[in-house]
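Peer 1: I am attaching a structure below and will ask some questions about it afterwards.
No value in this document is a laboratory result; all are computed from the given coordinates. From a predicted model like this one, the values you see are computed outputs, not experimental measurements. Every residue, glycine among them, receives a Cβ derived from its backbone with ideal geometry; neighbour counts consider all protein chains shown.
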Amino acid sequence: MQRVESEIARLIREIEYDEVTRLFSTLSGGKRLRAKLILKIADTNERAPLLAAIVELIHAASLLHDDVIDEATLRRGAASVNATEGSKNAVMLGDILYSKAFSELVSFDRDIAKIIASSVTALSKGEMMDVKMAESFNDDEEKYLEMLYLKTATLIEAAAQGAAILEGKDPISHALYGRNLGLSFQIIDDILDITSDETTLGKPAMNDFVEGKCTLPYIYLYRVMHNDEKEKLKNLHAKVLSEDESAWIRERMQEHKAIEKSFELAQKLSDEAMNAMRDDEQLINILQNMIKRSY
Ligand code: FPP
Ligand code: MG
């Protein structure tokens with residue numbers, strides 16, 4: 001990972017603008033899940049750290065833009081760039097990061113470049129769907145999972161597949177692994193939004209529903225509620241919640257096992273990812289650690 005960090009630092013230096021270096025230094029790197037995956041899969045390839053740095057810059061750019069779109073003030077436990085420096089700076093920094101990432105990406109094989117580049121179109125599509133779906137209460141699980149796949153899983157899928165091509169490994173099974181890991185990861189993120197607190201999350205708890213996002217636990221909850229409860233839940237959608245309202249939602253989720261049901265799907269997807277990678281202990285470890293986050 002040290003080499004990934006130095007590649008990232010080199011790419012930022014190459015932009016040759018102090019303001020970019022300063023703004024970038026305020027970002028927290030996060031878990032670097034995508035970079036770790038690339039290094040584990042393309043473990044003998046000397047260009048793996050550069051590919052990992054490229055994918056992390058794309059991911060950072062997408063979060064900068066996402067925070068502007070979501071009007072989020074916290075990211076990874078610190079104030080978001082849009083909150084401290086304004087939305088214009090957050091958008092421009094995102095533009096610089098992802099265009100720099102693309103300039104570097106063209107030095108890779110055509111197949112790898114195409115896979116990563118297409119995934120950025122997919123994640124932008126997913127973000128657009130997410131915003132559209134948040135305008136009203138959504139109880140369509142399939143639609144939700146499609147959006148989740150596009151918004152989160154495609155870049156992880158592309159990272160795993162790209163790294164497999166780089167290393168001469170099987171791209172199909174690695175893509176399947178990445179896709180299911182990505183979906184499982186995001187479902188766990190959705191669960192943590194409800195079960196965790198602000199200090200652990202680094203962003204406000206129960207915020208998805210306030211932002212209008214009907215994540216899987218809400219979809220499962222709605223399905224089994226009585227009509228009057230359904231009405232009450234719908235009325236709370238996309239509003240700032242009082243302590244009582246948050247507690248009411250959490251209690252109903254417990255009563256109707258909405259979290260457990262969501263976790264079962266995350267576990268099932270994670271098992272599918274594991275099956276795609278049966279012999280690779282390190283990739284299985286990544287999955288297991290991710291599932292453990294939810295406890
Ligand atoms: C976080 O979702 C958002 C994403 C994973 C993708 C965002 C994608 C774009 C803004 C498209 C633009 C892409 C580039 C490269 C500039 P979330 O809001 O559910 O998660 P959060 O709670 O962490 O904010
Ligand atoms: Mg967001």
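Peer 1: For the chain, set up a Gaussian network in which alpha carbons nearer than 10 Å are linked by springs, and say which option among 110, 76, 34 fluctuates the most.
Peer 2: Greatest mean-square fluctuation among the candidates belongs to 110.
Peer 1: Between 83, 60, 48, where does the largest GNM mean-square fluctuation fall for the chain, given springs only between Cα atoms within less than 10 Å?
Peer 2: The residue that fluctuates most here is 83.
Peer 1: With θ set to phi - 60°, apply the Karplus curve 6.51 cos²θ - 1.76 cosθ + 1.60 along the range 3-14 and write out the HN-Hα couplings as whole Hz, x wherever there is a Gly or Pro.
Peer 2: Calculated HN-Hα couplings, in order: 5, 5, 4, 6, 5, 4, 4, 5, 4, 5, 4, 5 Hz.
Peer 1: Relative to the present Cα-Cα distance, how much length would full extension add between residue 131 and residue 235 at 0.36 nm per residue of separation?
Peer 2: On the way: separation 104, 0.36 × 104 = 37.44 nm, distance 1.88 nm.
Residue separation times 0.36 nm, minus the Cα-Cα distance, leaves 35.6 nm.
Peer 1: At residue 260 and residue 22, where each label point lies 7 Å from the Cα along Cα→Cβ, what is the point-to-point distance in nanometres?
Peer 2: In this crude label model, residue 260 to residue 22 measures out at 5.4 nm.
Peer 1: To test your reading of the geometry: what angle, between 0 and 90 degrees and rounded to tens, separates the Cα axis of helix 258-276 from the longest principal axis of the chain?
Peer 2: 30 degrees
Peer 1: Just 240, 91, 120 to compare: in a GNM of the chain, with alpha carbon springs under 10 Å, which one fluctuates most?
Peer 2: 240
Peer 1: Please find the FRET efficiency linking residue 198 to residue 43, where r is the Cβ-Cβ separation and R0 is fixed at 41 Å, and quote it to the nearest 0.05.
Peer 2: Details: r = 37 Å, r/R0 = 0.90.
Efficiency computed from Cβ-Cβ geometry: 0.65.
Peer 1: If you wrap the chain's Cα atoms in a convex hull and average its projection over all directions, what's the area in nm²?
Peer 2: In nm², the orientation-averaged hull projection of the chain is 14.7.
Peer 1: Right, next: Compute the distance in nm between two label points, each set 7 Å from the Cα along the Cα-to-Cβ direction, one at residue 15 and one at residue 172.
Peer 2: Each label point is offset 7 Å from its Cα along the Cβ direction, giving 4.0 nm.
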